[in-house]
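Derivation of every value follows stated rules applied to the coordinates shown; laboratory data play no part. Small disclaimer: the values here were computed from a predicted structure and weren't measured. Don't worry about glycine lacking a Cβ; one is built from the backbone with ideal geometry, like all the others, and counts go over all protein chains shown.
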Amino acid sequence: MWGAPGVCQNPSMTPARVVLRAATADDDSFVVEMARHACVIEDRPLPDSDDDEVLEMLPPVGLVPIIAEDHSGTPLGAVWAYYGKPPLRCDSAGVPLPELCIAVAPGRRGAGVGGMLLDALFAALAEDHDAMCTNVHVRNPAKRLYERKGFRSVGQGNGPLGIAMIKDLRSNPTTGSGSRPA
Ligand SMILES: CC(C)(COP(=O)(O)OP(=O)(O)OC[C@H]1O[C@@H](n2cnc3c(N)ncnc32)[C@H](O)[C@@H]1OP(=O)(O)O)[C@@H](O)C(=O)NCCC(=O)NCCS
């Protein structure tokens, strides 16, 4: 499903071919590493692999992360959905919404990989879900990316500096709404 290569552009970097694919067992340690990155903002130290926050974010059994890798097969980033306890947000019937976990390796950020991963996750989740949600720290620049991709702030998230955001997967399931500013 995610085997098609894409061209990932950044004006300050050479365009690189990026392939999206389903994770395999060989990606397990990379997935944990990405979960550790998704837990922190700015340059704070990464939590340990067995930190409770990291463990909670790991993909549930049966849910396969999407991996972005470069032309040499080096993994660049990963995205998946998980279910936090307690749930960040529920739908109108009280069913927990899937929550976003995404990270791109330091040094490979800002080149469009995160956007590609989000689009792929939206398309996959839209098969079974009307919406998804995420928690973002108020100072995390990822909030701008999420807004471009159609997430909207809906109130208090986790902790005093967390913002809860929801993405409607039915309105524009492939790419989200909003485009990158010039
Ligand atoms: C958030 C993240 C997945 C985005 O991936 P990416 O490949 O850098 O994203 P793209 O290149 O497609 O889009 C760039 C946008 O990502 C956001 N961004 C967040 N951190 C960034 C970083 N360190 N460098 C560049 N962009 C970053 C910005 O909104 C940026 O848009 P802007 O240039 O208008 O500010 C990635 O930066 C990352 O792994 N950050 C650390 C982990 C994290 O915060 N995960 C989310 C937890 S809620």
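Descriptive notes on the structure:
- Using the rule -39500 (n - 2.57) for each DSSP H run of four or more residues, divided by the residues of the chain, the 222 nm mean residue ellipticity is -6000 deg cm²/dmol.
- Taken one residue at a time, the phi angles of segment 148-153 give Karplus couplings (6.51, -1.76, 1.60, θ = phi - 60°) of 4, 8, x, 6, 10, 6 Hz. Gly and Pro are set to x.
- The gain in end-to-end length when the residue 52 to residue 171 segment is fully stretched comes to 39.4 nm, 0.36 nm per residue minus the alpha carbon separation.
- Sequence-separation-based contact order of the chain, relative, with Cα cut under 8 Å and 6+ spacing, percent: 17
- Once each of the GluC sites (Glu not before Pro) sitting in a DSSP loop with at most 14 other beta-carbon atoms within 10 Å is removed, the chain keeps 43-126 as its longest stretch.
- Residue 63-residue 93 pseudo-label distance in nm [points 7 Å out on the Cα-to-Cβ vector]: 1.8
- Taken about its Cα centre, the chain carries a charge dipole of roughly 900 debye when the Cβ of each Lys and Arg holds +1 and the Cβ of each Asp and Glu holds -1.
- For residue 85, the aspartates and glutamates whose Cα comes closer than 17 Å to its Cα, not counting residues fewer than 8 places off in the same chain, are 50, 51, 52, 53, 56, 99.
- For segment 132-164, trypsin sites (Lys or Arg not before Pro) meeting the loop criterion (DSSP other than H, G, I, E, B) and having at most 12 other Cβ atoms within 10 Å: 139.
- Taking each residue as 0.36 nm, the span from residue 128 to residue 40 lengthens on full extension beyond its C-alpha to C-alpha distance by 28.7 nm.
- Rounded if a/c under 1.5, otherwise prolate or oblate - segment 43-182, Cα gyration tensor axes: rounded
- Amide hydrogen neighbours beyond the local backbone of residue 157, cut-off 5 Å, H modeled: 162, 163, 164
- What the phi angles of segment 53-68 give under the Karplus curve with 6.51, -1.76 and 1.60, with θ = phi - 60°, is a coupling list of 5, 5, 4, 5, 7, 4, x, x, 4, x, 9, 9, x, 9, 10, 9 Hz, glycine and proline written as x.
- Sorted largest first, the spans of the alpha carbon positions of segment 49-127 along the three principal axes are 44, 31, 23 Å.
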